[in-house]
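Report on one structure; see the data block that follows.
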Amino acid sequence: MTVFRSTKPLVWGEMDLPLFGIDKDWHGKEVGPQAAFSIVVDSRSLWFIASHAAPARVHPAARPGRFTPELWKYDVAELFLHDQTSGRYFEFNLAPNGAWWSCEFTAPRVREEAGDIVFPEVATFAELAPNGGWMAAMAIPRDLLEGRLDFGKETALNVAFILESPDQRFLTAVDLGGGEPDFHRPQKFRKIALQDLSKST
């Protein structure tokens, strides 16, 4: 999975980043317009950027920049980061309006803590287009990821979307296998492939 590397700290509103599109849902049916995402590391943060050029249905309790459980019940973008040595992984949810949630797992769907614990110092941003399309971003401190997940070249990851609520469609960047939609298959995630941002544009 490509993760771009920026030599300069990124600033929301000044980004010009390549985006990867997902044009099929879990069951292989075409999605239009496609969902898009980018993942970038700079000296301070890992950035997760997600967008969809169609209106979203957002969790009614979601507020921009606020930690909000159960965002997955409505439209959301999700980032998963997996430490292949320990088996631990993090899930980060990003709502179209910038609300967010995070959780640490010790094994598939096994939480580190029973209750929700806010991952420290996460910043989020969001922008809505006149047609209802959206772009949101999450900046996650690298030092915390490196300390708690040994984040680096051996990290595996995946990006997923839930769209078109209440008739939800599930999208995943990595093929996680068949059956019912299930994003919690960390053994299927793909290892990071770093690419300098200057070489991608």
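The values are calculated or read from the model by the stated rules, or taken from the named source; none is laboratory data. Predicted model only: the values in this text are computed from it and were never measured. Positions of Cβ are generated from backbone atoms using ideal geometry, with glycine treated the same way; all protein chains shown enter the neighbour counts. For accessibility, only protein heavy atoms count, side chains too; no ligands or nucleic acids. Shrake-Rupley method; radii C 1.70, N 1.55, O 1.52, S 1.80 Å.
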Worksheet item: Can you find a residue in the stretch 45-60 that is in contact (Cβ under 8 Å) with a residue 40 or more places away in the chain, open to solvent by less than 30 Å² (accessible area, probe 1.4 Å), touching a Leu at 6+ places or on another chain (Cβ under 8 Å) and among the polar types (S, T, N, Q)?
Response: yes
Discussion item. Looking at (1) open to solvent by less than 70 Å² (accessible area, probe 1.4 Å); (2) in contact (Cβ under 8 Å) with a residue 12 or more places away in the chain; (3) not acidic (D, E), which one does Q34 not meet, given that it meets all the others?
Written reply: (1)
Practice prompt. Would you mind finding the one in F92, F119 that is in contact with a helix residue (DSSP H, G or I) (Cβ under 9 Å, 6 or more places away or on another chain), open to solvent by less than 10 Å² (accessible area, probe 1.4 Å) and closer than 19 Å to P69 by Cβ?
Written response: F119
Practice prompt. Would you be able to tell me the number of residues in the stretch 145-164 that are open to solvent by 20 Å² or more (accessible area, probe 1.4 Å) and farther than 22 Å from G87 by Cα?
Written response: 1
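I'd like the residue in the stretch 51-76 that is among the small types (G, A, S) and in contact with a Pro (Cβ under 8 Å, 6 or more places away or on another chain) and, out of all such residues, is nearest to V118 (Cα to Cα).
So the first thing to find is which residues in the stretch 51-76 are among the small types (G, A, S), and the list is 51, 53-54, 56, 61-62, 65.
Still in the list and also in contact with a Pro (Cβ under 8 Å, 6 or more places away or on another chain): 53-54, 56.
Values: A53: 29, A54: 29, A56: 24 Å.
Among them, the one singled out is A56.
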Fill in: R142 open to solvent by 10 Å² or more (accessible area, probe 1.4 Å), among the charged types (D, E, K, R) and touching a residue at least 60 places away in the same chain (Cβ under 8 Å)
yes
Worksheet entry | Failed criterion for E127 (all others in (1) open to solvent by 70 Å² or more (accessible area, probe 1.4 Å); (2) in contact (Cβ under 8 Å) with a residue 12 or more places away in the chain; (3) on the phi < 0 side of the Ramachandran plot; (4) of a type outside the set (A, V, I, L, M, F, W, C) hold) | (2)
Response to the item:
Checked W12, W72 against criteria (open to solvent by less than 80 Å² (accessible area, probe 1.4 Å) and among the aromatic types (F, W, Y)); the one match is W12
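Out of the residues in the stretch 154-201 that are of a type in the set (V, I, T) and at pLDDT 95 or above, state the one that is farthest from H27 (Cα to Cα). Show your work before the answer.
At the first step, the residues of the stretch 154-201 found to be of a type in the set (V, I, T) are 155, 159, 162, 172, 174, 192, 201.
After this cut, where a residue has to be at pLDDT 95 or above as well, the list is 155, 159, 162, 172, 174, 192.
Working: T155: 27, V159: 16, I162: 13, T172: 10, V174: 13, I192: 25 Å.
Ranking the qualifying residues of the stretch 154-201, first place goes to T155.
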Item to complete: Kindly indicate the residue of the stretch 15-31 that is of a type in the set (A, V, I, L, M) and over 15 Å from the mean Cα position of the chain (by Cα) and also least open to solvent (accessible area, probe 1.4 Å) among those meeting that condition.
Response: V31
Discussion item. So for the stretch 157-169 (the condition being within 24 Å of F4 (Cα to Cα) and not in a strand (DSSP E or B)), does at least one residue qualify?
Written reply: no
